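Notes to accompany the following structure.
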Amino acid sequence: MTLARGIFGLAAGLFLAALARDRFDDWVAATVLPPLVPETSVLVEDRDGDLLRAYTVADGRWRLTLSPDAADDTFLAMLIAYEDGRFMDHVGVDAQAMARAVAQAVWNGGVVSGGSTLTMQVARLLEESGTGRIEGKLRQMRVALALERRLTKAQILGLYLQLAPYGGNIEGLRAATLAYFGKEPWRLTVAEAALLVAIPQSPESRRPDRHPDRAADARDRVLARAVAKGIIDADQAQAARREAVPVARRVVPAIAPHLADRARTDAPGAAVHRLTIDRGLQLALEGLAAETVQHQGDRLQVAMVVADHATGEILASVGSAAFRADARQGFVDMTQALRSPGSTLKPLVYALAFDEGLAHPETMMEDRPTRFGTYAPQNFDRQYRGTVRVRQALQMSLNIPVVQLTEALGPARLLVAMDQARMGYRLPEGQPGLAIALGGIGVSLQDMVQLYAALARGGVALPLRWRMDGNSDEGARIVSRVAAWQVGDILGGLAPPPGAPENRLAYKTGTSYGHRDAWAIGFDGRHVVGVWLGRADGTPVPGVFGADLAAPVLFQAFARLKPALAPQPPAPPETLLVANAQLPQPLQRFRSRSAALAVAQDAPAVAFPPDGAEVERLPEGVLVRVEGGTAPFTWLADGRPMLTAERSRAVVLPLDGLGFRTLSVIDAKGRSARTRIRLR
């Protein structure tokens, strides 16, 4: 009977224990947990994943995501040894540590050590609860037990690294290392790691920027524990104690701030934005921008864009000299502002004229006072050079020759090319006029850099992109590779500004009407750089010239980009490299369209193939026919002479290859016609 009662009592005890366990499990399982994904700072990173800019969360705190495998190993070892030595083994509550804490409190009549585990601290941080009340501690224990059942140890540690308080509005290890040390948490010194372990225990009283002595004492206690646990040796600890604690907070990085803001606006739901920016280059050019305006009054502003024209990636984008509300209006992104480009559109006009067969770099033109209807442009210096070669006209940035070419092309042709290059622009009211060639249009610095990138790439537009996951599809061909090379060769012959290195940088400067904008844009065999200077409000800047002010900055930007320029590509095989006397007679001297029409009305026209037609290429070439005009005729394909002194009106052009081609015919009086076809 006694044995039976014993067995029954044991069974009853086991049943009650199992029942209590089940009830306890149900109690833990029923725990309502706080959100386990707290709001974190939106991050903007460069092409290599380095931080460019971070944004505070809604309540103004810096709280940056960080996984345990990205934190410094010594820091993690110190943290676990100091805060929760059995973190990897307990289930959220360390009964042994709790018992020790209670016994010490009873023996000493007050709290000597805490029994909180890292998981309990995460529970408190998630719920933002206090630490002193019994009910609060019980709640933390319950949440900690539930967290351990739903999350891995790495996830719990990751939440601690994200939420631990470091004083003021700084939360988490990564925000703390940036604020106190100006570095990422991947590699910390022993002293830095110990300090960052100590601060969260009393974040306001141990803030090194306010209480450096208390912070140093707390750090040294962590170092002593680390030595006792064998994490570091005594020599390392001694050296760490001699290291000064930081006495000021650093500014969290705000590199490429304008572009970072654009990224957030473009994708407001993204937590991380990876840009094509090169962090080192961006910092170098932001420094150059600040230097540029330092002694230029308080209103002059500067902007720069650097791109790899081979890939279309923007490597640096400086929207202003400083991102602040000052007299320069530094919060305005001047890489996106629509401003008059001055003479920087002229290379496009010349390239189109080369393709249309209107001119060649060695063609002679007249730079004399000329009236185009009611429009009477003048050169910038109000002087005229008489007869000049096209090469000289572009290098000297003469206005009369480029307006003559624009009249022959038609202003609409210039706008079509800009559309093909995917440039945004703003026209003055009314129909586009000849003044477009001299800057009578609004364009942005980024789009002008995109245009020059197309010229540098042999005439093919490649829309610039600033996101690593951005679209890299090629755009349309805006000019032939011959015309693009010819323009680059001409611009590469410009003398550099005084004091700049002698090199073959192909560049062009521009100054808008009223001295409101100064430009300089250039390219080598790999990169293109654009510089703009002016006032953000559009008011004039007396005495500002692109050649004097913007060009030196352009050359300095290239110097900070790389030690030497990449060579320009050689001339395409089909390029006509001859002197003026060896050119076909119609290309030796330019005659304006209006002058040609004044002589006769029977101008030439391409009778076949019609504009926009798809034509099948025969083995011997493509049949073409001209009507009107005066023989002999010169036929060109994409600006390259194919047949000269041809008296027959129907001929076969020996064209090779497939795709879009521009065919031009010039008669004996210099009058021309064109058609654009697609060969298949």
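Only the coordinates and a few stated rules stand behind these numbers; no lab work does. Bear in mind that the values here come from a model prediction, so they are computed numbers and not experimental data. No Cβ is skipped: glycine too gets one built from the backbone with ideal geometry, and neighbour counts run over all protein chains shown.
Computed quantities for the displayed model
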item: Total residues in the range 433-472, condition under 27 Å from VAL332 (Cβ atoms) and without any contact (Cβ under 8 Å) to a residue 24 or more places away in the chain; result: 1
item: Failed condition for ALA226, given (1) in contact with a Pro (Cβ under 6 Å, 6 or more places away or on another chain); (2) surrounded by 13 or more Cβ atoms within 10 Å (Cβ to Cβ); result: (1)
item: Test: residue in the range 264-283 that is in a loop (DSSP other than H, G, I, E, B), small (Gly, Ala, Ser) and in contact (Cβ under 8 Å) with a residue 24 or more places away in the chain; result: yes
item: Matching residues in the range 538-559 - criterion: being surrounded by 17 or more Cβ atoms within 10 Å (Cβ to Cβ) and in a helix (DSSP H, G or I); result: GLY546, ALA547, LEU549, ALA550, ALA551, PRO552, VAL553, LEU554, PHE555, GLN556, ALA557, PHE558
item: GLN301 under 37 Å from the mean Cα position of the chain (by Cα) and assigned to a loop (DSSP other than H, G, I, E, B); result: no
item: Test: residue in the range 594-617 that is outside any loop (DSSP other than H, G, I, E, B), polar (S, T, N, Q) and over 47 Å from the mean Cα position of the chain (by Cα); result: no
item: All positions within the range 486-507 that are among the hydrophobic types (A, V, I, L, M, F, W, C) and in contact with a strand residue (DSSP E or B) (Cβ under 9 Å, 6 or more places away or on another chain); result: VAL487, ILE490, LEU491, LEU494, LEU505, ALA506
item: Any hit, the range 524-537, residues being free of Cβ contacts under 8 Å to residues at least 24 places away in the same chain and surrounded by fewer than 17 Cβ atoms within 10 Å (Cβ to Cβ); result: no
item: Tally of residues being touching a helix residue (DSSP H, G or I) at 6+ places or on another chain (Cβ under 8 Å), of a type in the set (Gly, Ala, Ser) and in a loop (DSSP other than H, G, I, E, B) across the range 311-343; result: 7
item: Options LEU505, LEU455: the member that is hydrophobic (A, V, I, L, M, F, W, C) and within 28 Å of LEU300 (Cβ to Cβ); result: LEU505
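For every residue, the table says whether it meets (1) within 21 Å of MET78 (Cα to Cα); (2) over 34 Å from the mean Cα position of the chain (by Cα); (3) not charged (D, E, K, R).
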{"position": "GLU135", "(1), (2), (3)": "no, yes, no"}
{"position": "ARG142", "(1), (2), (3)": "no, yes, no"}
{"position": "LYS153", "(1), (2), (3)": "yes, yes, no"}
{"position": "GLN162", "(1), (2), (3)": "yes, no, yes"}
{"position": "PRO165", "(1), (2), (3)": "yes, no, yes"}
{"position": "GLY172", "(1), (2), (3)": "yes, no, yes"}
